[in-house]
2 protein chains.
Amino acid sequence: MKDAFVAVDWGTTNRRAYVIEDGAVFADQRDDMGILSVPAGGFPAEVAMLRERHGGLPLLLAGMIGSNRGWHDAGYVDAPASMADIAARLIHPEPDVAIVPGVRRDRDGRQDVMRGEEVQLLGAIAAGLAPADALLCQPGTHAKWAIMKAGALADFTTAMTGELFAMLKAHSLIGSEMAGAVDADDEFRKGVEASADRDLLSALFGVRAASVLGARAPGAAAAYVSGLLLGADCRARVAPDQTVHLLADGLLARLYSSAIALVGGKPIVVDSHASFVAGIVQIRELTS
Amino acid sequence: MKDAFVAVDWGTTNRRAYVIEDGAVFADQRDDMGILSVPAGGFPAEVAMLRERHGGLPLLLAGMIGSNRGWHDAGYVDAPASMADIAARLIHPEPDVAIVPGVRRDRDGRQDVMRGEEVQLLGAIAAGLAPADALLCQPGTHAKWAIMKAGALADFTTAMTGELFAMLKAHSLIGSEMAGAVDADDEFRKGVEASADRDLLSALFGVRAASVLGARAPGAAAAYVSGLLLGADCRARVAPDQTVHLLADGLLARLYSSAIALVGGKPIVVDSHASFVAGIVQIRELTS
C-alpha cells in the first residue's frame, strides 16, 4: 500500500477510524470508544490496539484525544490558521503516531476554541466542497461557525445551541412540554420567526404560558423551541443573502437549512465525512 | 378588631401569612408549606388549620394556591387588568375564604401568565411606591416585567432568567466553572456589557473557552454569567433613561439595579412586602 495510514476522528463520546490509501478511504469503522470511555491511563493500550488492528499503519489522530482530558494535550494554533499552520504543529507522542492541534481565537476580549472541527472545515475547502472564502457551519451540541478567508480558518464562533436545547428538555419548566418530535415543520418555522425579537429569555417562558393557555398543540413545543434556538443562532451570524456551507446531514441538515433560509441566508449542504477525509489527507501530505 | 383578615401569599415552595387589621400588618408568619408540600387532597385541612390558628378570621389567598396544581383554579383575568377587575373575579371555595385570580395576556401571538405577582404590582401603586404609569420589575426564577398604565396592569412579560442561570449552573458544560459567588462586581458588569451583542448562545460557550484559555479567574464565571443573563433580560425591556421600579431586596435588588443602570435605565428599589400588603388590603376593601 502506498502511503497508507489510519486517520482517527476521536471525539468525546465516539471514535471513527478511516484506513486511507493513496488519499482514498479503504475502510472505516465507528465505535463508542470516545475519550470518556477510556479508563485512566488507558490511552497507550488503546492506541497500541488500534495500530495492531490496522497492521501497524501510522496513526493520525484528531479531536478531543488531543485535549487535556484526552491522551496528550496537542495545544492550539491561533486563528487565522491555514492547513500548513496546523500540519506544522502536530505532536508525536510515539513514532508513527501524530495528534492534530486544536485552533483558538483570543482577541478583543472574546475567546473561542475548537478541537477536531478544524480538519473538517479546512478539508471542505481542500475537497472543493466550499470556496476559499466562505461561511461554514457545523451544527451540533456546540455549533461551530467558521469564517474562511483565502482557504484559511480566519475566525470562528461557537454557539451552545444543541446543549441548551438538551438542557431545557431535560431540566426546565418547559421540558415536559418538549416530548414531541422535532423537524423542520410549521412549529419549527414559528420558532425561527419568534427569534426575530432577540429575546430568548421571554420566548422560552412563553412556551409555558402558551401551554397553560392552550395556545399550542401538545407535543408541538419541542419543534418550536428548536426553531427559537436555531433561529437565534443563525440570526447572530448570517447576513442577508449570505451563503452558508453546512457540514451536516439528516435532521440537523434539514433544521439548519430551514433556519438559515428563514433568516434570509442560502444554505448549501456539504458532506462532512468527505470533508474530514480530505482534510486529514492534506495534513498527512503536508507532513510526509 | 375592625375588618381583620388573614392574607396569605401562598406560593409553590413557601407561604407567608399576614394578619391584617385596619389596613396594617398586625403579625406575619412564614413557612415552607408551599403548594408542593401539601399532600393530595390536603388543602381543606390546611385551610381549616390556618383559620383555626387565626381565630376564624376570613382568609384572602393569593398565588399558586389558585392554580390548577393548587387548591382551586381561580382562573385568569385578562390584561389590561385593574385592581377592581381582579377584585371582581375572586373565587370563594368556602364562606369567608377567597382566592385571587391570576392575570394573562394572549394577543398578537404572544402568551404570558402570572399568578400572585399581580397583587404586588398593583399594590406598589396602591401604596404610592410607584407612579400610576411605570415599568415594574419583579426579578426571580421567572422575572416579571409589568407595564402599568393609569394604575392598571396594562401588559407584562416573563423572562426565564433565574431558571436559566440555575440550570446552567447545575447541568451545563460551564456549570463547574460557576461555583463562585455572584454579586454586582466587575465580572458581573463585564457580563452585562457582553450581553450587548444579543448573542447569548455564543457568549455562554465563550465562558468555557475563556476558562480553557485561562482568560478569566477561576470562580469569576458565575458573576459573569449572571451579568450576561440579567443584561439580556434588561436590554430587551429597558429603554434609555427609563425608570424601572424594582420589587426586590438583597442580592437580587443589587444585581438588577446594577444591570438596569448599565443598560441605561434608572432603577428605584421598592419594598415588595409593603406592596403585597397594600395590594391585598385594597382587594379586601373592594370586596368587603
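What follows is calculated from the coordinates using simple rules that are stated; it is not laboratory data. None of these values were measured; they are calculated from a predicted model. Because the Cβ atoms are built from the backbone with ideal geometry, glycine has one as well, and the counts that use them run over all protein chains shown.
Taking label positions 7 Å along the Cα-Cβ direction at both A:Ala196 and B:Ser82, the computed distance is 3.6 nm, reported to one decimal. Within region B:55-128, the trypsin sites (Lys or Arg not before Pro) that combine a DSSP coil assignment with at most 12 other C-beta atoms in a 10 angstrom radius are B:Arg69.
Extension gain, A:Ala154 to A:Ala170: 0.36 nm times the residue separation minus the Cα-Cα distance gives 2.2 nm.
What pairs from A:Lys144/B:Lys169; B:Lys149/B:Lys190; A:Lys144/B:Lys266; B:Lys144/B:Lys169 go past 30 Å between their alpha carbons?
B:Lys149/B:Lys190; A:Lys144/B:Lys266
Position B:Gln242: other-copy label points at 2.8 nm, ordered by increasing distance, label point 7 Å along Cα→C-beta. Selection among A:Gly219, A:Ala88, A:Cys234 by position relative to the dipole of chain A gives A:Gly219 as farthest towards the positive end (Cβ unit charges, Cα centre). Comment: the Cα-to-Cβ extended label point of B:Asp133, at 7 Å, lies 5.2 nm from its counterparts in the other copies, nearest first.
Here region A:159-270 is treated as a sphere whose radius is the Kirkwood value from Cα pairs; by Stokes-Einstein at 37 °C and 0.692 mPa s it diffuses with a coefficient of 236 µm²/s. Measuring nothing but alpha carbons in the protein assembly as shown and taking Rh as the Kirkwood radius, the Rg to Rh ratio lands at 1.07. One quarter of the convex hull surface built on the alpha carbon atoms of region A:35-140 amounts to 8.3 nm², the projected area averaged over directions. Over what distance in Å are the Cα centres of region A:97-111 and region B:16-61 separated? If you average the Cα positions of each part, the centres end up 59 Å apart. The amide H of A:Asp155, built 1.01 Å from its N in the peptide plane, has A:Ile147 as neighbours under 5 Å, considering only residues 5 or more places off or on other chains. Per-residue Karplus couplings for region B:189-204, computed as 6.51 cos²θ - 1.76 cosθ + 1.60 with θ equal to phi - 60°, are listed in order as 4, 4, x, 4, 5, 5, 5, 4, 5, 6, 9, 4, 4, 7, 4, 5 Hz, Gly and Pro entered as x. Near A:Val269, the amide H atoms lying under 5 Å from its own belong to A:Leu246; only residues 5 or more places off or on other chains count, and H is placed 1.01 Å from N. In this label model, A:Ala48 and B:Asp31 are separated by 6.6 nm, measuring between points 7 Å along each Cα→Cβ vector. Plugging the Kirkwood radius over Cα pairs into Stokes-Einstein for region A:96-221, at a temperature of 25 °C and a viscosity of 0.890 mPa s, what D comes out in µm²/s? Estimated via Stokes-Einstein, D reaches 142 µm²/s.
Roughly how many Å is it from the Cα centre of region A:164-184 to that of region A:225-288, as a whole number? What the calculation gives is 23 Å, centre to centre.
Of the residues A:Ala261, A:Ala184, A:Ala209, the one whose Cα sits farthest toward the positive end of the charge dipole of region A:159-270, with +1 on the Cβ of Lys and Arg and -1 on the Cβ of Asp and Glu, is A:Ala209.
Here the alpha carbons of chain B define both size measures, Rg and Dmax, at 20.3, 67 Å.
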